[in-house]
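The values are calculated or read from the model by the stated rules, or taken from the named source; none is laboratory data. Worth saying up front: this structure is predicted, and the values here are computed from it rather than measured. All accessible areas refer to the heavy atoms of the entire protein, side chains included, with ligands and DNA or RNA removed. Shrake-Rupley method; radii C 1.70, N 1.55, O 1.52, S 1.80 Å.
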Amino acid sequence: MIKYSTLENVTNEVLFGTRKIETERLILRRFVMEDAEDMYHNWASDPEVTKYLTWPTHPNSEVTKMILTDWISRYKDNHYFNWAIEYKETGKVIGNISVVKFIEAISSADIGYCMSRSLWGKGIMPEALTAVIDYLLKEVGLNRVAACHAVENPKSGRVMDKAGMKMDGVLRQAGKNNQGICDEVWHSIIKSDIAK
């Protein structure tokens, strides 16, 4: 069961944007500055986590704090979607999931995510991705949610599969990550997929 925050019980809430989402094991919520240490230690400083990402490993927590300052300032925009993934079992922030590209003309969003290596393989990221897809398609009213991964990182594709996304295809040499130029494997889900 996925629960969303309501406008009545959330301060500084906008109609859409990054609203609190609760799943069985997770709380997806807005970042706060107090999350900087968790973010730095749990994923942003780990070169294994950032290996196939488009941003570099953080050399220190000051970089993490600068990035969080920017992210937090954007929450007033109701087209800004960036969640901290809080693991209920520990109360720690273990990753993030966000809309990295919003295409209003076709009512579509591209999603990116990353998470602490210590929790890989436990079904946590598919749980977060499924909740965000549900929110974007059912609550926000988008028609399409898409995500991609480097062809060398098939585990990320399995996350997308588990969240109900379908593979669209491979775009050759279409992306660049910390390993260089790469082939991108694209997956998507559209509103009619979940109506079935």
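Quick look at the numbers
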{"item": "Violating pairs (Cα-Cα greater than 27 angstrom) within the set K76/K166; K20/K92; K88/K176; K51/K138; K20/K51", "result": "K76/K166; K88/K176; K51/K138; K20/K51"}
{"item": "Pairs of Cα atoms farther than 21 Å apart, segment 63-172, %", "result": "39 percent"}
{"item": "Solvent-accessible surface (1.4 angstrom probe) belonging to V170, in square angstrom, nearest 10", "result": "70 Å²"}
{"item": "Which of H79, H41 is most accessible, then next, and so on - probe 1.4 Å", "result": "H41, H79"}
{"item": "DSSP-defined antiparallel bridges as percent of all bridges, the chain, nearest 5", "result": "90 percent"}
{"item": "Heavy-atom accessible surface of the chain: percent carbon and sulfur, 1.4 Å", "result": "52 percent"}
{"item": "Helical mean residue ellipticity (222 nm; -39500 (n - 2.57) per DSSP H run of 4+; nearest 500) of the chain", "result": "-6000 deg cm²/dmol"}
{"item": "Answer label, with mean projected area of the Cα convex hull in nm² calculated from the coordinates and candidates (i) 24.7; (ii) 10.9; (iii) 15.5", "result": "(ii)"}
{"item": "Order of exposure, largest accessible area first, which applies to K20, K166 with probe 1.4 Å", "result": "K166, K20"}
{"item": "Accessible area of segment 3-135 divided out per residue, in Å², using a probe of 1.4 angstrom", "result": "49 Å²"}
{"item": "Exposure ranking of K88, K122, K76 by accessible area [1.4 Å probe, largest first]", "result": "K76, K122, K88"}
